[in-house]
Structures are given as structure tokens and as C-alpha cells.
Amino acid sequence: MRDHESSPERPGRPGQRLTTRETAELLGVKPETVYAYVSRGLLGSRREPGARSSSFDAGEVEALARRNRREAAGASGSGGELSVRTRITLIEDDRCYFRGVDATELAARHSYEEVAEWLWTGRMTPGTTFTAPEATVEAARYAVHALPEHTAPTDRLRVAAIAAAAGDPLRFDLSEEAVLNTGRALIPTLVAALPPVLHAPEDDGPLAHRLWGRLTAAPEDEKALRVLDAALALLVDHDLAASTLAVRVAASARAHAYAAVSAGLGVLEGPLHGAASGLAHRMLADVLEEGTAAPVIADELRAGRRVPGLGHRIYTGEDPRATALFALLEGVPRAEPALLAARDIVATTARHTPLHANVDLALAVLTVSCGMPTTAGETVFAVARTAGWIAHVLEEYGERPLRMRPSGHYVGPRPPQPLPA
């Protein structure tokens, strides 16, 4: 079905739909920038059944075009910028690229640490591993150990980051090499500070191996570890997600790297960002218990909730990260029941709305089938994304300071107002 035809100069009445090409022409941007606007919540999109691409509300597009023109006219005085230039991640045509290389291919061939180094430096360093100073790890563990037992993973990680920062006298050195060293030490510190589930894992070797024993008491196996490592690599960055934007705002103010990562962890704790994998985990566990997805999906919809693990604001088809993880999970025997349950969820929901699986559902298959807690996906996400945040910190330090300073549009009562009684 073709969208309503409409001229870019006169987009038509609100309610009419524009194609991606028409929207890009009206806004004066490339088609990929249109989807960047969608990912940042500046523009809504909709995909009709049978359509090959998304469509956009004409009135909303015109409003954004007017806003862009106003901000462009006042940008020199306000310091505001319409977009953030980045060489890190591109999301285009339902694919994700890290420095121009397909993210799924990188994750298939390289470890999380190697992908992180690629993201930071643009160089591939085979066999690289991250280590942290013993004193830093001990300080982080001491701080995390003082927290209540029910503390959420993101709280533990944030406290560990603060403890690591307090013990680093060079944290205010914002040079590239200093920030790289911070990233290489902070990520293993965060993992080492998490309490082990059964026995304390060794703090050397690949990061996925070290993280495994802090997520589950289930015995390791090579194929499941490979899925965990790939998940870390695939989740390392995803353009300007809310937490990444917070990191760049902190870096724009020249906060040190530990503080910028802490800002990201704070945003990640929001229920609309970091908690999505936990919701998918609970739903998948319920489907396994019920033996079928139908009553579980019905309960979700009856409660007015979206079905977790399905659909994505950026991808029109299946999330490529989910596709890659599902393929790896096929080789993990213990994951078969959860994989079947995930397929049942997608098929059952497709009777009403054709939504594709996203990375949260794939991550839930891993966490459920390997006996991990509901919060495990959030932990994996936070550890993985720390490397991406470091990449954005490095990039933002190369930009003009305090450029992330939009102007407020005051809508309150006009002065002068009388003093309050």
C-alpha cells in the first residue's frame, strides 16, 4: 500500500502520511537522518501491514521542520546543535555498523574486548584483554559489599564506578590515552565488583568468562559463553540512546570519564531503557511455565502493556542483533525450549500485529535458559554499553565544550508577577 502522495513544499493536512524520501526532502536531510530523528524521539513513524518502509505524519514532519529552522537561525547565539556528529555507529537499512563495519560480523569474529578497542581506536587488536589494578578492584568491591543485599545491578555498577574514580588521582586527565586506560581498567573493575553467584570466578581471561560466574551458578560451556560474549559485543553501542546522550552531555561539560559513565548508568536504570530485557525475561519464563504463549500475551495486552521483546523504533524488520544471537543460540542445547517459546511469542503476536523480535527477547532466551536472574540482561547491557560510552566520551572531548546547551522555551506566566504572599 502506497502512502498518501504529498509535495515536500506542502506536506498536507495532519493525519496524511509521508514516505521516508518525502520526509527527508521536507526536512532537508538524508533518509538515514530521518531514522536518527525517530531513534531520538523527535519524530514518530509507522509501518502499515504490507508496506515496505515506514511512513510519517505530515503535520508532525512540518512541525519538526519549523523547529529545525528556528533552532538553526538561533544556534549561533544559543550554542544549540541539531545533531551530534559521530564516527562511531551508523544504523541504516535495518543494519548496525560500528565505524562502518557490520556489527553482527564483528561480533561473529571478534571478542567483546576486541570490538571495544575497534570502537575506541579504529584498530583491531586480536587477543586483547582488559585488566584492572588490584587496589581499584578491592576498593570497588568494598563499596559494593556495603550495599543492601537487594540492591539492583545498575546501583552496584554505579557505586563501583564511583569507588574506582575516587581511587584514581589521574581521573581528570582527559587526554585520549588516559581515557583509553580508564576504559580498559573500569570495565573489568565493574565486573569484578559484582558479587559471585556461587564461587568467585578468576579475574583474568575473557570478560565474558569473568562475568558468567556473576550471573549464574550453571556450569559454563563453550557455546553459551560464546553467546554471552557476542551479546556483549552487539550491545556495545547503538547510536544516541538516552543513556549515551547523557554521557555526551556530561563529557561536553568536561566531566571525567568515570562521571560520564555514571551518568549513563543513572539513565539506564529508567524503566523505559534498561529494564526492557528483564520484562522480556519474565514473560518468556511465564510462557515456559504455561506451555504456550497465548494466555501470557493476552494478560500483557489486557493490562494495557506492550509485549516486551518485540518491535523496535529504529528497525522495520527483525533487530539484526537479535538475528545474530538467535543463530548462535541454536547451537546451545539447553536453549531449545526458550527458543521455541520465543518463536511462539512472535507467532502469537503476529496474529494481531506483525512485530519482529528485538535484542531483548534474544537476550531473555540466553538468561532464562542458563538459569540467570531477571536482572541478568540489564547487567549484560550495562557492562557492554560502558565501552560504547567511553567511545562517545572520547569523541565528545574533541568537540567544543558545553555545546550540549539547548535553550529553554519558557511557557510560564509573563513577568512581572507579584511576590507570592
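The values are calculated or read from the model by the stated rules, or taken from the named source; none is laboratory data. On a predicted model such as this, the values are computed, not experimentally measured, just so you know. In this analysis, Cβ positions are derived from the backbone assuming ideal geometry, glycine residues included, and neighbour counts consider all displayed protein chains.
Summary table below
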{"item": "Close pairs from segment 367-394: first at negative phi, partner of a type in the set (Lys, Arg), Cβ under 8 Å, at least 6 apart", "result": "Ser369/Arg334; Cys370/Arg334; Thr374/Arg282; Thr379/Arg214; His392/Arg248; Val393/Arg248"}
{"item": "First in segment 308-336 and free of Cβ contacts under 8 Å to residues at least 60 places away in the same chain and crowded, with 21+ Cβ neighbours inside 10 Å, second anywhere and among the acidic types (Asp, Glu) and assigned to a helix (DSSP H, G or I), Cβ under 6 Å, 6 or more apart", "result": "Gly309/Asp360"}
{"item": "Which listed residue, of Ala257, Ala275, Ala285, is assigned by TED's automatic domain parsing to the domain that holds Thr244, touching a residue at least 60 places away in the same chain (Cβ under 8 Å) and surrounded by 24 or more Cβ atoms within 10 Å (Cβ to Cβ)", "result": "Ala257"}
{"item": "Hey, Asp173 surrounded by fewer than 16 Cβ atoms within 10 Å (Cβ to Cβ) and either within 15 Å of Ala260 (Cβ to Cβ) or not assigned by TED's automatic domain parsing to the domain that holds Thr131 (or both) or not", "result": "yes"}
{"item": "Qualifying residue in segment 354-368 (condition: surrounded by 19 or more Cβ atoms within 10 Å (Cβ to Cβ), over 19 Å from Tyr112 (Cβ atoms) and of a type in the set (Ser, Thr, Tyr))", "result": "no"}
{"item": "Index of the failed condition, His273 passing every other in (1) of a type outside the set (A, V, I, L, M, F, W, C); (2) at pLDDT 95 or above; (3) not in a helix (DSSP H, G or I)", "result": "(2)"}
{"item": "Residue match in segment 360-374 (condition: under 29 Å from Asp155 (Cβ atoms), more than 23 Å from the chain's Cα centre (by Cα) and in the same structural domain as Met283 (by TED's automatic domain parsing))", "result": "yes"}
{"item": "Flag for Pro401 being touching a residue at least 60 places away in the same chain (Cβ under 8 Å), in contact with a Gly (Cβ under 9 Å, 6 or more places away or on another chain) and either surrounded by fewer than 18 Cβ atoms within 10 Å (Cβ to Cβ) or not assigned by TED's automatic domain parsing to the domain that holds His256 (or both)", "result": "no"}
{"item": "Conditions (1) more than 15 Å from Ala63 (Cβ to Cβ); (2) in contact with a strand residue (DSSP E or B) (Cβ under 6 Å, 6 or more places away or on another chain); (3) modelled with pLDDT of 80 or more: number failed by Leu18", "result": "(1)"}
{"item": "Conditions (1) touching a residue at least 40 places away in the same chain (Cβ under 8 Å); (2) out of contact with any Gly (no Cβ under 8 Å at 6 or more places or on another chain); (3) small (Gly, Ala, Ser): number failed by Ala421", "result": "(1)"}
{"item": "Residue within segment 325-346 that is in a helix (DSSP H, G or I) and within 21 Å of Leu119 (Cβ to Cβ) present", "result": "yes"}
{"item": "Residue ID - surrounded by the fewest Cβ atoms within 10 Å (Cβ to Cβ), chosen from residues in segment 176-194 that are of a type in the set (D, E, K, R) and either more than 14 Å from Val261 (Cα to Cα) or at pLDDT below 95 (or both)", "result": "Glu177"}
{"item": "Flag if Leu43 is modelled with pLDDT of 85 or more and under 20 Å from Gly317 (Cα atoms)", "result": "yes"}
{"item": "Where a residue in segment 208-237 is more than 19 Å from Gly388 (Cβ to Cβ) and its partner, wherever it lies, is in a loop (DSSP other than H, G, I, E, B) and among the β-branched types (Val, Ile, Thr), with Cβ under 7 Å and at least six apart", "result": "Gly213/Val197; Arg214/Val197; Leu215/Val197; Thr216/Val197; Ala217/Val197; Lys223/Val332; Ala224/Val332; Val227/Val332"}
{"item": "Exclusive hit being under 24 Å from Leu265 (Cβ atoms) and in contact with a Cys (Cβ under 9 Å, 6 or more places away or on another chain), set Arg385, Arg321, Arg403", "result": "Arg321"}
{"item": "Among (1) assigned to a helix (DSSP H, G or I); (2) touching an Asp or Glu at 6+ places or on another chain (Cβ under 9 Å) - the single one Arg306 does not satisfy", "result": "(1)"}
{"item": "Residues within segment 369-409 that are of a type outside the set (Ser, Thr, Tyr) and more than 18 Å from His209 (Cα to Cα), tallied", "result": "20"}
{"item": "Out of Leu235, Leu225, sole residue that is touching a Phe, Trp or Tyr at 6+ places or on another chain (Cβ under 7 Å), closer than 25 Å to Leu328 by Cα and buried (at least 20 other Cβ atoms within 10 Å of the Cβ)", "result": "Leu235"}
